[in-house]
Amino acid sequence: MIILAIETSCDETAVAVSRDGREILAEEIFSQVDLHALYGGVVPEIASRNHIQVLTKLVDGVLEKAGLMKRDLDAMAVTYAPGLIGALLVGVNFAKSAAYALGIPLIPVHHIHGHIAANYIAYPELKPPFLCTVVSGGHSQLVDVRNYRDLSIIGSTRDDAAGECFDKVARVLGLGYPGGRALDDLAQGGNDKAYDLPRANVDGSPLDMSFSGLKTAVLNLIHNAEQKGETLDKKGLAASFAAAISDALVPRTIQAAQELGYKHIAVAGGVAANSRIRRDMERAASKAGCSLYLPPLSLCGDNAAMIACQAFFEGKPGILEQLDLNAYATMPL
Ligand code: KG4
Ligand code: ZN
């Protein structure tokens, strides 16, 4: 089954075409990061306009790369939730029109289901059930992946997402937007014990996390140092911060897998690219006797290959019932 997928939930316009889910035939990603970096964050209106401008070209480019014609497509897939509503609507309307014009089914995909599916592309042998820790700009969740379409959250952040904290701290350190990657680079070779940062627990919910106290502690530390004219050990701070985030995620991931009786653990989302988290996950999973699945860096951030892959597992719905598909800024898993 050949599926063409579109992902426009935030500031990446992405298109991919896959065969039977796990095999990616071609993909294109247009990142708008430079446009939004000017403003220190994503400007929804600018994101929507740019999706409109580049989407048709990307679709043509992907088909050409894959050596396919439009008539070769068996289905269209699109991210319909969660994300920036205006940005999502661009992809949803494009996909609906294309599916209607071509007379093929349209498969809606939840963005987070897509992130998890990135692992099916990287690891053809991976099959549910497994535990997946999803860490992105907007989500930090421990997900019980019982089956391809049957997922539930068993732990999550009560406030900020891990990626949000990386971006905020990076911005205050003058590393630009989005700063997760730059903060990761800065942390290389830094002393992860340079600063004693808080690790929060949620009373009565051991699998839930809280990052806002950590974020505030780091921001206060930076501002206080500036006011007192003290020199910050920026490398040490970046390393200490990454260690604090990792300390929240990794032990809970192992505990969640053990509680569910799973021996397979996956990680997904933009923050899954973080070198400290990857290293700690590898060590902890091996100690717990679990197999660990980490997507390659190219599949951690937003892309359409993961949407095409999940769409395959969503099944093949009828054509007409999908034409009233809407986009949603929020949507439970
Ligand atoms: O999954 P994603 O591309 O978009 C969302 O769905 O949110 O995740 C983006 C997030 C941003 O917060 C970005 O700073 C973070 O992933 N990120 C990283 C790294 N690479 C990207 N955070 C920490 N370390 C990295 N190497
Ligand atoms: Zn994402």
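The values are calculated or read from the model by the stated rules, or taken from the named source; none is laboratory data. On a predicted model such as this, the values are computed, not experimentally measured, just so you know. As a convention, Cβ positions derive from the backbone with ideal geometry for all residues, glycine included, and neighbour counts pool all protein chains shown. With ligands, DNA and RNA removed, areas are computed over all heavy atoms of the protein, side chains included. Shrake-Rupley method; radii C 1.70, N 1.55, O 1.52, S 1.80 Å.
Candidates L175, L214, L207: the one that is aliphatic (A, V, I, L, M), closer than 17 Å to S246 by Cβ and within 16 Å of ligand 1 (Cβ to nearest atom) is L214. For segment 221-324, the helices (runs of 4 or more DSSP H) that sit wholly inside it and include 1 or more residues that are over 28 Å from A200 (Cβ atoms) and out of contact with any Pro (no Cβ under 8 Å at 6 or more places or on another chain) are 297-300, 305-314. Entry remark, segment 1-29: residues being part of a loop (DSSP other than H, G, I, E, B) and either charged (D, E, K, R) or more than 14 Å from the chain's Cα centre (by Cα) (or both) number 5 in total. Being more than 16 Å from ligand 2 (Cβ to nearest atom), of a type outside the set (K, R), closer than 18 Å to A242 by Cβ and out of contact with any Cys (no Cβ under 8 Å at 6 or more places or on another chain) is a property that holds for P198.
The C-beta contact set for segment 169-191 (first residue free of Cβ contacts under 8 Å to residues at least 60 places away in the same chain, second residue among the acidic types (D, E) and part of a helix (DSSP H, G or I), distance under 6 angstrom, 6+ apart or interchain) comprises G179/D167.
Within segment 56-111, being within 16 Å of ligand 1 (Cβ to nearest atom), open to solvent by 40 Å² or more (accessible area, probe 1.4 Å) and either β-branched (V, I, T) or farther than 17 Å from A14 by Cα (or both) holds for one residue alone: I85.
Looking at A285, A273, A256, just one residue is modelled with pLDDT of 95 or more and either open to solvent by 10 Å² or more (accessible area, probe 1.4 Å) or within 16 Å of ligand 2 (Cβ to nearest atom) (or both), and that residue is A273.
Considering segment 23-48, the residues that are open to solvent by less than 50 Å² (accessible area, probe 1.4 Å) and of a type outside the set (A, V, I, L, M) include one that is nearest to E64 (Cα to Cα), namely Q32. Residues of segment 37-75 that are aliphatic (A, V, I, L, M), modelled with pLDDT of 95 or more and part of a helix (DSSP H, G or I): I46, A47, I52, V54, L55, L58, V59, V62, L63, A66. Of all residue pairs spaced 6 or more apart or on separate chains, those with beta-carbon atoms under 8 Å, a first member in segment 112-136 that is under 23 Å from G179 (Cα atoms) and a second member that is among the aliphatic types (A, V, I, L, M) and open to solvent by 10 Å² or more (accessible area, probe 1.4 Å) are I112/L333; I116/L151; A118/L299; V135/V271; S136/V271. Of the strands (runs of 3 or more DSSP E) that lie entirely inside segment 112-193, those containing 1 or more residues that are open to solvent by 50 Å² or more (accessible area, probe 1.4 Å) span 151-156. Do we find that Y80 is of a type in the set (F, W, Y) and in a loop (DSSP other than H, G, I, E, B) in this structure? In short, no.
Quick check: is even one residue across segment 86-102 assigned by TED's automatic domain parsing to the domain that holds I307 and part of a loop (DSSP other than H, G, I, E, B)? So far as segment 86-102 goes, no, none of its residues is assigned by TED's automatic domain parsing to the domain that holds I307 and part of a loop (DSSP other than H, G, I, E, B).
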